[in-house]
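For reference, the structure discussed in these notes is given below.
The values are calculated or read from the model by the stated rules, or taken from the named source; none is laboratory data. Small disclaimer: the values here were computed from a predicted structure and weren't measured. Reconstructed Cβ throughout: ideal geometry from the backbone, glycine too, with neighbour counts over all protein chains shown. Accessible surface areas use protein heavy atoms only, side chains included; no ligands, DNA or RNA. Shrake-Rupley method; radii C 1.70, N 1.55, O 1.52, S 1.80 Å.
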Amino acid sequence: MNYDHQEIERRWQDRWEADGLYRSVVDWDRPKHYALTMLPYPSGDLHMGHWYAMTPSDARARFMRMKGFNVLFPMGFDAFGLPAENAAVQRNVHPANWTWDNIDRMRRQLRSMGAMYDWDREAVSCDPEYYTWTEWLFRRFFEGGIAYRGEAIVNWSPTLQTVLANEQVIDGKDERTGQPVIQRKMEQWFFAITNYADELLSFDGIDWPEPVKAMQTNWIGRSEGAEVVFAMETGDEIPVFTTRPDTLWGATFMVLAPEHPLVDALTTEEHRVAVDDYRVAAASRSELERMEADREKTGVFTGSYAINPVNGERIQVWIADYVLLSYGSGAIMAVPAHDQRDFEFARQFELPVVPVIRPTGADRFDGNTMAEAYIGPGTMVGSGPIDGVETTDAKGRANPSVAAAIDWISAQGSGEEAINYRMRDWLISRQRYWGAPIPMVFRADGTIEAAPELPVLLPDAPAFTGGPSPLTTDERFLLTTDSDGEPARRESDTMDTFMCSSWYHYRYLSPHFGTAPFDPEEAAYWLPVDTYTGGAEHATMHLLYTRFFTKAMRDLGVFDDTARLMRDHGRDPKSAFDEPMTQSRNQGQILGEERPGDRLVVAGEWIDGRFVAESVRVDDHAAADAAPVVGELIRRTERTLQVQTADAMVTVEVPENAEVEVPGIDGINDVTQLRHYLEVQRMSKSKGNTVNPDELVERYGADTVRLYLMFAFDWEKGGPWDSRGIAGARRFIEDVWKIGSTAYEPGRISDDASLALRRSAHQTIIKVDRDMEAFKWNTAIAALMTLRNDLLDARRTATVSLEAWNETVDLLLVLLAPIAPHVTEEIWSQSGNAESIHLQAWPESDPEIAADQTVTLVVQVNGKVRERIDVAPDIDEEAAIAAAMASERIQEWLAKGEVRKVIARPPNLVNLVIN
RNA sequence: GCCCGGGUGGCGGAAUCGGUAGACGCGGCGGUCUUAAACACCGCUGUCCUUCGGGGCGUGGGGGUUCAAGUCCCUCCCCGGGCACCA
């Protein structure tokens with residue numbers, strides 16, 4: 001019988017759905033496992049990246065289920081957001097219709113994966129049933145003091161007509177559209193995520209990828225130091241944060257951010273024009289220009305002076321755009337001798353440079369002649385009470401001079417130890433329509449209160465023009481009443497969609513629950529999420545927000561009922577709500593396939609019929625006569641390129657020292673970079689290198705596509721797509737089909753052969769189990785392929801018993817079931833099994849069968865392998881050495897010198913050291 | 001500049017503890033089948049030398065520790081990602 005993947009896959013998907021095979025029900029008698037994959041945005045079509053993220057996590061969930069866990073594996077859609085509004089503008093379709101149509105299509109595509117999603121748990125964030133509770137959580141955050149309204153200089157996108165979070169602005173441009181973002185002061189809603197900075201820095205008790213932890217730690221950006229107060233001659237006081245309070249005696253001027261609120265008051269009449277001009281210029285300068293590397297320092301003097309609190313020196317107060325209002329207090333003490341930025345500024349404007357650190361074993365610097373700031377270790381000098389104290393490269397109190405300085409200024413009252421964070425509070429207001437409304441009302445008396453009734457539903461909007469949100473002008477929506485029944489006006493902003501995705505794993509538990517965000521009965525059993533998988537691109541936004549969200553919900557008592565129920569069921573709720581997900585893993589990214597078509601310009605000379613390059617340039621517009629060889633790249637191996645010129649196919653060899661010029665990479669490149677450029681391209685429609693999973697599924701079947709994605713890459717790394725490799729995956733699936741669906745007829749049976757096959761099967765269990773546990777799909781599949789090879793050999797020789805054959809085939813099917821759920825189910829069912837293969841228990845390896853009968857003893861002479869001998873696994877040291885010495889080949893080596901030392905690691909290795 | 005991750009055959013990638021480098025697959029080469037091609041099947045496939053027994057070299061470069069290094073240490077180079085005038 002032929003393997004008809006289309007018929008088999010369709011039939012089993014229908015059958016599983018009809019049988020409710022993947023419905024998850026709370027069962028306190030069984031251990032639970034909550035497996036979660038980042039939910040997709042309903043952009044319209046599932047692409048290869050979705051398959052790459054979702055099918056391995058499905059395999060993992062299936063594996064856990066077979067291991068005996070009661071597994072919850074839900075799916076949903078992160079359905080609010082700007083693309084729906086853009087579609088509305090461009091195609092005159094309502095965002096809701098566009099979104100729901102896309103969801104319908106993607107749901108169908110998701111089903112074609114054959115994943116074990118529990119669709120009864122589906123949650124869609126734009127559904128009123130969902131966003132009612134997003135609003136409810138906002139209100140709870142407001143009441144608990146975590147949500148607050150504040151004025152801030154914000155990132156305003158004129159293109160999108162909305163404010164963006166810092167995380168959404170890259171190089172002064174909106175990360176989505178690439179359009180510039182300007183700075184503007186506005187009243188906005190914030191979440192006090194900084195209250196949780198220290199707790200978010202701790203990853204105790206959770207198993208998350210190191211890079212994610214590092215990125216979050218960087219993002220939070222904790223710095224230890226001191227806050228020091230500088231008195232102004234005007235009577236104002238300005239605190240500054242510094243990580244180097246020990247260098248206070250070298251602070252020779254002060255710099256404020258141009259936007260600093262005290263600038264006006266500090267500016268003297270004489271300098272007002274210059275200061276105002278500078279501030280206007282700074283405001284109009286884009287973030288991008290402001291951050292340009294190596295830009296010359298600019299700034300102006302305010303005319304005012306401050307008093308250095310440690311030595312009473314009168315120092316000038318300047319403003320400059322290298323000081324950012326958003327970090328620390330927006331003001332710095334400048335220590336030009338020991339900070340490179342301050343040094344450059346001081347040299348630019350001829351301000352004094354006073355060194356206070358003497359490098360160990362060197363003369364003291366001369367502030368007038370030093371060429372750059374000194375930031376190394378040494379001894380404090382010219383620093384009054386801390387003179388002579390050692391300074392090291394250590395940070396914070398671990399540096400003796402910093403500790404001494406903090407102690408002294410604290411005692412003296414001019415400052416205190418302080419910690420500063422780079423992370424700001426989370427700005428969640430968005431001036432858009434397609435989001436969860438912020439459920440607040442502005443009362444007639446100017447106060448603000450939470451909307452007395454929830455939900456606040458999005459009104460129908462007549463038309464979308466791309467201008468300001470329709471909510472800002474819709475009176476049916478805006479006009480309301482406050483809790484006293486008085487006329488009031490609604491907040492017209494909606495929430496950042498990251499808010500919706502910060503708690504979706506709780507809504508999955510009970511998507512239709514009507515009295516709380518989630519049913520505590522479900523939560524008490526399922527929480528927290530045990531395994532979370534998704535893309536590393538969410539390391540600092542989604543993954544940080546969702547951790548914060550859970551901690552805030554915990555502190556506001558949202559989990560109180562859940563904790564009580566946990567106790568009732570005998571489960572300790574302690575630290576159950578400190579983190580949303582106990583384990584997290586990131587998959588890599590699937591890149592586009594290496595493509596031919598790049599136009600190469602090659603100079604060099606002909607040697608023995610090959611063209612050896614001196615220089616290679618990738619240039620899509622080069623004229624044909626620009627060099628000896630100009631043409632289209634057809635194929636590439638390590639160092640040879642097949643180039644189709646106007647009249648011939650030329651083999652170009654690119655030596656190591658050839659000059660290579662690749663667009664987008666500055667300077668002279670090398671072969672590696674050329675290779676990289678030609679190979680690694682993101683899949684994108686504009687590059688024409690996308691691979692459509694629907695077509696592949698139709699042609700090869702979902703099982704083959706799943707297996708290929710899990711086999712051909714290191715899952716956490718990803719890589720370029722290779723359309724040739726999928727044939728091998730298909731071959732494997734077809735082999736399994738043949739093995740499982742064709743009767744085996746034993747010939748002359750050998751007990752040794754039967755045992756060898758069973759041993760192979762039982763060793764495979766160990767490998768697959770270990771690898772699936774660790775998300776190592778590629779090596780798990782490699783082990784299954786080896787077992788396939790053993791079965792094919794066994795059929796050829798026909799020397800294994802029918803029992804051994806059947807046992808091995810069953811093991812192969814069960815171990816493969818999480819990866820290729822359809823074909824294994826079909827063969828299983830054909831073999832007369834009534835119960836689904838996906839309900840079978842994960843097999844356990846029998847140690848007696850798995851044990852090797854012989855092992856290879858490696859014999860080395862001076863560390864080099866010279867002989868391999870089959871020995872019993874329990875061979876002792878003496879016998880191993882004897883066996884090694886007895887070898888003829890080893891005898892020859894031993895004749896060359898005297899044995900000085902023997903290292904034996906039975907049963908694997910004997911190393912003979914001779915001279 | 002700072003912080004992560006990485007560099008292994010023509011390619012994707014294996015290699016629990018420092019102990020047989022290159023599992024598994026793709027590709028390639030040779031063969032069988034076929035009028036032919038595709039498919040399928042069998043064999044070979046790191047590289048150089050070889051008297052065909054085997055030997056030299058080999059995990060980005062250089063150095064070190066060790067009986068033994070892809071693995072540990074130092075140093076440099078390159079690639080990917082993140083952050084970046086962060087005081």
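Residues being surrounded by 12 or more Cβ atoms within 10 Å (Cβ to Cβ) and part of a helix (DSSP H, G or I): count how many of those fall in segment A:274-285.
8
Test each condition in (1) in contact (Cβ under 8 Å) with a residue 40 or more places away in the chain; (2) more than 10 Å from RNA strand B (Cβ to nearest atom) for A:E898 and report the one that comes out false.
Failed condition: (1).
Out of everything in segment A:706-722 that is within 7 Å of RNA strand B (Cβ to nearest atom) and in a loop (DSSP other than H, G, I, E, B), what residue ends up being nearest to the chain's Cα centre (by Cα)?
In this case the residue turns out to be A:K717.
Would you check which residues across segment A:825-839 are more than 19 Å from A:W805 (Cα to Cα) and not in a helix (DSSP H, G or I) and list them?
Correct list: A:A834, A:E835, A:S836.
Of these, A:G396, A:G388, which one is farther than 30 Å from A:R149 by Cβ, away from RNA strand B (no atom under 15 Å from the Cβ) and small (G, A, S)?
Going through A:G396, A:G388 in turn, just one is farther than 30 Å from A:R149 by Cβ, away from RNA strand B (no atom under 15 Å from the Cβ) and small (G, A, S): A:G388.
With A:M541, A:M495 as the choices, which residue is of a type in the set (A, V, I, L, M), open to solvent by less than 30 Å² (accessible area, probe 1.4 Å) and at pLDDT 95 or above?
A:M495
Counting only residues that are more than 11 Å from RNA strand B (Cβ to nearest atom) and either among the acidic types (D, E) or not assigned by TED's automatic domain parsing to the domain that holds A:L787 (or both), how many does segment A:723-746 have?
Number satisfying all stated conditions: 1.
If we only count strands (runs of 3 or more DSSP E) wholly inside segment A:430-527, which ones have 1 or more residues that are without any contact (Cβ under 8 Å) to a residue 60 or more places away in the chain and aliphatic (A, V, I, L, M)?
The strands (runs of 3 or more DSSP E) meeting that bar are A:440-443, A:479-481, A:487-490.
Answer yes or no as to whether A:G382 is surrounded by 14 or more Cβ atoms within 10 Å (Cβ to Cβ), away from RNA strand B (no atom under 16 Å from the Cβ) and touching a residue at least 12 places away in the same chain (Cβ under 8 Å).
Answer is yes for this residue.
Go through (1) open to solvent by 60 Å² or more (accessible area, probe 1.4 Å); (2) more than 30 Å from A:E390 (Cβ to Cβ); (3) touching a residue at least 24 places away in the same chain (Cβ under 8 Å); (4) not small (G, A, S) for A:F191 and report which single condition fails.
Only one criterion in (1) open to solvent by 60 Å² or more (accessible area, probe 1.4 Å); (2) more than 30 Å from A:E390 (Cβ to Cβ); (3) touching a residue at least 24 places away in the same chain (Cβ under 8 Å); (4) not small (G, A, S) is unmet by A:F191, namely (1).
Considering only segment A:417-431, I want to know if a residue exists there that is more than 16 Å from RNA strand B (Cβ to nearest atom), outside the structural domain of A:T99 (by TED's automatic domain parsing), under 25 Å from A:I193 (Cβ atoms) and open to solvent by 50 Å² or more (accessible area, probe 1.4 Å).
no
Out of segment A:844-859, which residues are open to solvent by 30 Å² or more (accessible area, probe 1.4 Å) and either modelled with pLDDT of 95 or more or more than 6 Å from RNA strand B (Cβ to nearest atom) (or both)?
Listed by number, the residues that qualify are A:E844, A:S845, A:D846, A:P847, A:E848, A:A851, A:D852, A:Q853, A:T854.
Search segment A:795-818 for residues that are farther than 25 Å from A:A702 by Cβ and pair each with any residue that is basic (K, R) when their beta-carbon atoms are under 7 Å apart and the residues are at least 6 apart or on different chains.
A:T799/A:R748; A:A804/A:R758; A:E807/A:R758; A:T808/A:R758
Pick from A:I733, A:I766, A:I781: which is at negative phi, at pLDDT 95 or above and surrounded by fewer than 19 Cβ atoms within 10 Å (Cβ to Cβ)?
A:I766
Taking into account only those residues within segment A:109-124 that are of a type in the set (D, E, K, R) and over 11 Å from A:L46 (Cβ atoms), which is surrounded by the fewest Cβ atoms within 10 Å (Cβ to Cβ)? Steps first, please.
At the first step, the residues of segment A:109-124 found to be of a type in the set (D, E, K, R) are A:111, A:118, A:120-122.
Applying the additional criterion that residues be over 11 Å from A:L46 (Cβ atoms) yields A:118, A:120-122.
Working: A:D118: 19, A:D120: 13, A:R121: 22, A:E122: 18.
Looking at the filtered set, the residue picked out is A:D120.
Going by the structure shown, is A:D793 more than 41 Å from the chain's Cα centre (by Cα), over 16 Å from A:Y708 (Cα atoms), within 10 Å of RNA strand B (Cβ to nearest atom) and surrounded by fewer than 21 Cβ atoms within 10 Å (Cβ to Cβ)?
yes
Please indicate, with yes or no, whether at least one residue in segment A:796-814 is near RNA strand B (Cβ under 10 Å from one of its atoms) and outside the structural domain of A:A904 (by TED's automatic domain parsing).
Yes, segment A:796-814 contains a residue that is near RNA strand B (Cβ under 10 Å from one of its atoms) and outside the structural domain of A:A904 (by TED's automatic domain parsing).
Each row is one residue, and each column tells you yes or no for (1) surrounded by fewer than 24 Cβ atoms within 10 Å (Cβ to Cβ); (2) farther than 30 Å from A:S469 by Cβ.
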| site | (1), (2) |
| --- | --- |
| A:D4 | yes, yes |
| A:T37 | no, yes |
| A:G44 | yes, no |
| A:A79 | no, no |
| A:N92 | yes, no |
| A:W100 | yes, no |
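A:V814 - would you say it is modelled with pLDDT of 95 or more, buried (at least 18 other Cβ atoms within 10 Å of the Cβ) and under 19 Å from A:S760 (Cβ atoms)?
yes
In segment A:902-915, what residues are over 16 Å from A:A882 (Cβ atoms) and either more than 10 Å from RNA strand B (Cβ to nearest atom) or over 51 Å from the mean Cα position of the chain (by Cα) (or both)?
The answer is A:I914, A:N915.
Mind counting the residues in segment A:301-339 that are more than 28 Å from A:V280 (Cβ to Cβ) and open to solvent by 10 Å² or more (accessible area, probe 1.4 Å)?
Residues flagged as more than 28 Å from A:V280 (Cβ to Cβ) and open to solvent by 10 Å² or more (accessible area, probe 1.4 Å) within segment A:301-339 amount to 8.
Of the numbered conditions (1) modelled with pLDDT under 95; (2) part of a helix (DSSP H, G or I); (3) over 21 Å from the mean Cα position of the chain (by Cα), A:G49 satisfies every one except a single condition; which is it?
It is condition (3) that A:G49 fails.
Of the conditions (1) within 12 Å of RNA strand B (Cβ to nearest atom); (2) out of contact with any strand residue (DSSP E or B) (no Cβ under 6 Å at 6 or more places or on another chain), A:V240 clears all except one; give me its number.
In the conditions (1) within 12 Å of RNA strand B (Cβ to nearest atom); (2) out of contact with any strand residue (DSSP E or B) (no Cβ under 6 Å at 6 or more places or on another chain), A:V240 misses (2) alone.
Give the residue that is nearest to A:T531 (Cα to Cα), with candidates limited to residues of segment A:747-790 that are more than 10 Å from RNA strand B (Cβ to nearest atom), of a type in the set (A, V, I, L, M) and in a helix (DSSP H, G or I).
That would be A:M772.
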